[in-house]
1. Going down the table (Lys231/Lys252; Lys14/Lys229; Lys35/Lys229), which pairs top 27 Å between alpha carbons?
2. Greater than 24 Å separation of Cα atoms is the criterion. Which listed pairs, Lys59/Lys121; Lys167/Lys205; Lys167/Lys197; Lys25/Lys167, meet it?
3. Quick check: net charge around Lys229, other residues with Cβ under 13 Å of its Cβ, Lys/Arg +1 and Asp/Glu -1?
4. Using a 10 Å cut-off on Cβ atoms, rank the peptides 47-55, 164-172 from the highest mean neighbour count down.
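What follows draws every value from the coordinates through simple rules; no lab data is involved. Just so you know, these numbers come straight off a predicted model, no measurement behind them. Glycine also receives a Cβ, built like all others from the backbone with ideal geometry; neighbour counts cover every protein chain displayed.
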Amino acid sequence: MSASRDIGVITIVKNRIPQFYALLKSLEASEHKPKELVVVWMTSPSSHSLVQSDYFPVKHCFATSDTLPIARARNRGAAATDAETLLFMDVDCVIHPTLLTQISNTLSRGSTLGSVMTELKMVPENADYAQLSRLPESRGPRQTALQHQHEGLQSSLFAIQRDDFEKVDGFDVNYAGFGIGDIDFATRCNRVGITHKTLPLVTYKQYRNCRVCPLNHLLDIVRNANLYKQKWGYYPKTQWLTTFMARGFVSKASAHAPLAVTRLPTAKEIRSAIAGIPVERQAENEARLSA
């Protein structure tokens, strides 16, 4: 198979090693292959950061710090490839075999290109795209297992031409840790007239319970939301802030004061959020136990 037209795939990895190998397998099964895969590790070198492919070069880079250096890692990946088309993918993505071909044929200057994202509650280890598409939950109604994301730039997977990426100066490294930095990137694309299109192809990825209420990233999200407000004059549109306010973790915004953390979550609340158990349900369970 020939290589797709100058596509450099960029992914960032910290701890999700099985997902990294699934992503590699997914790219190797592509109808057309990428020019190269750039893996930016947000952790120390290991045997996994030596892995290569028989189908395309794999470059391993590093961006480490005490926090998740997501913006810096993505920019590091873009700088490490000389490809003219950049395809950013979360490490838990499993792509349609024709995705790279369609990106090559469809992406134009002044636009970003994504696909329909379908989050599965369970992605079996070593499963390929065909196996995932046959899972009952991949075809079931949303409430049984899935979250479908169709509209707008999703940092989980998007392609952009290098000239456009450089036009908006990449990801803003002032956003530290988790959250909001991808919204800022989409906002800057929109401000300079870069539009977003979605291919009618499904990309599968692992559903993560903590995304509903990521209490383990509370401080990062509040700090980054205040930075976004300073830049753009309004807070980013995200349900996270509304949920944090409703549950008493964050003060309501006022005209003059920035968002502030009013109380830190307990270890139990963080564990419950990661497990996908709403704080309200946790309180109900504790009340029953103490009755």
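1. Working: Lys231/Lys252 19 Å; Lys14/Lys229 29 Å; Lys35/Lys229 38 Å.
Where the Cα-Cα span goes over 27 Å, the pairs concerned are Lys14/Lys229; Lys35/Lys229.
2. On the way: Lys59/Lys121 30 Å; Lys167/Lys205 29 Å; Lys167/Lys197 18 Å; Lys25/Lys167 32 Å.
Correct reply: Lys59/Lys121; Lys167/Lys205; Lys25/Lys167.
3. Details: positive: Arg223, Lys231, Lys237; negative: Asp184.
It works out to a net charge of +2.
4. Numbers: 47-55: 12.0, 164-172: 17.9.
Packing order, densest peptide first, comes out as 164-172, 47-55.
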